[in-house]
Structures are given as structure tokens and as C-alpha cells.
């Protein structure tokens, strides 16, 4: 293979450098930032029309971060490098509320972690489900004989005991 066909490896472009080149438009040299990012046709158009009479230049002020990201993504693909995904946003979608069988399974897991005794409040704090759905699931678990509701005489709270998950037969919190 002849070395005359090999191009030097391109480097990722910088948002800061692109903004510096954008500032040249204030002095009448518009579009240099587009040429820097490989947008030859629009770069020349910006040069010849003073950045589309300044409107295109002004709009580019807000588009530069995305244009740099696009350029760097295309570069990574062309170089065979797997582009890294953009960092995740701090805000994520809330978990989907649990219902039915899935909620009952999670209640059983929670009961296992808590040595077989749970209150409605503990389940509501730990699991993404509506109070009504939690009460419905606990009633169903009681109906099936998996849990039994008991009143804690010291606190007055209703506790759901899962006998098969208790540490020992005498290990109960209620009096």
C-alpha cells in the first residue's frame, strides 16, 4: 500500500476552539468554525454570505456543542473506535410501580431480609408501589396463608408475620 493514500489521523475537535473560531465572525470572517468541523459547503457559504447575514452565525452559537459532538462521533466511527455514550443525565425516570405477583415476590424478599416480620410502612418505604396495591398484596398473602397479620401490643402497629421466614419459632417482635 502506498503511503500517499494514508492520511494523518484526525484528532477530536474541541468545543472551546470552535467557539474561538466562531468569534472570528464578529470581525467578518464567518464560517471558519464550520470549516474546522469539516462542514466545507456550509463553511464556504457562511464565508461568502457573512454567516447568512449574521443569522446563521448567531444560530451556530447555540449549535456548536452538538456540531462538535457529531463531528467527534463520526470521527470515532471512521477510525473504528467504539464511541462512548454520552454521560447519563442525573435525572432518571422513576421506577415503575410494582403490582400483583411481582409486588408479592418483592414483599417476600423484603420479609426475608427483615427476619420474617414487616409492617405496611416498611413495605411502602422500600418498594415502589401504591399503598392500595401493597395492602391488596398483603391481604392476598394472608389469604394464602403465607403471612399472618398481628397487632404489636407495644407499638400498636399491624405487623405481617411470615412464619416460614422467621429465624426461630419464638423470634417475634410483638408482645
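The values are calculated or read from the model by the stated rules, or taken from the named source; none is laboratory data. Bear in mind that the values here come from a model prediction, so they are computed numbers and not experimental data. We place every Cβ from the backbone using ideal geometry, glycine too, and count neighbours over all the protein chains shown.
Name the residues in the stretch 96-123 that are surrounded by fewer than 15 Cβ atoms within 10 Å (Cβ to Cβ) and out of contact with any helix residue (DSSP H, G or I) (no Cβ under 6 Å at 6 or more places or on another chain), would you? I'd like the intermediate steps shown before the answer.
To start, the set of residues in the stretch 96-123 that are surrounded by fewer than 15 Cβ atoms within 10 Å (Cβ to Cβ) comprises 96-97, 99-102, 105, 109, 112-113, 121.
Scanning the stretch 96-123 gives 96, 97, 100, 101, 102, 105, 109, 113, 121.
For the stretch 102-113, indicate whether the set of residues that are at pLDDT below 85 and in a loop (DSSP other than H, G, I, E, B) is non-empty.
Within the stretch 102-113, none of the residues are at pLDDT below 85 and in a loop (DSSP other than H, G, I, E, B).
Collect the residues in the stretch 46-82 that are out of contact with any helix residue (DSSP H, G or I) (no Cβ under 8 Å at 6 or more places or on another chain) and surrounded by 16 or more Cβ atoms within 10 Å (Cβ to Cβ), keeping them in residue-number order.
71, 72, 75
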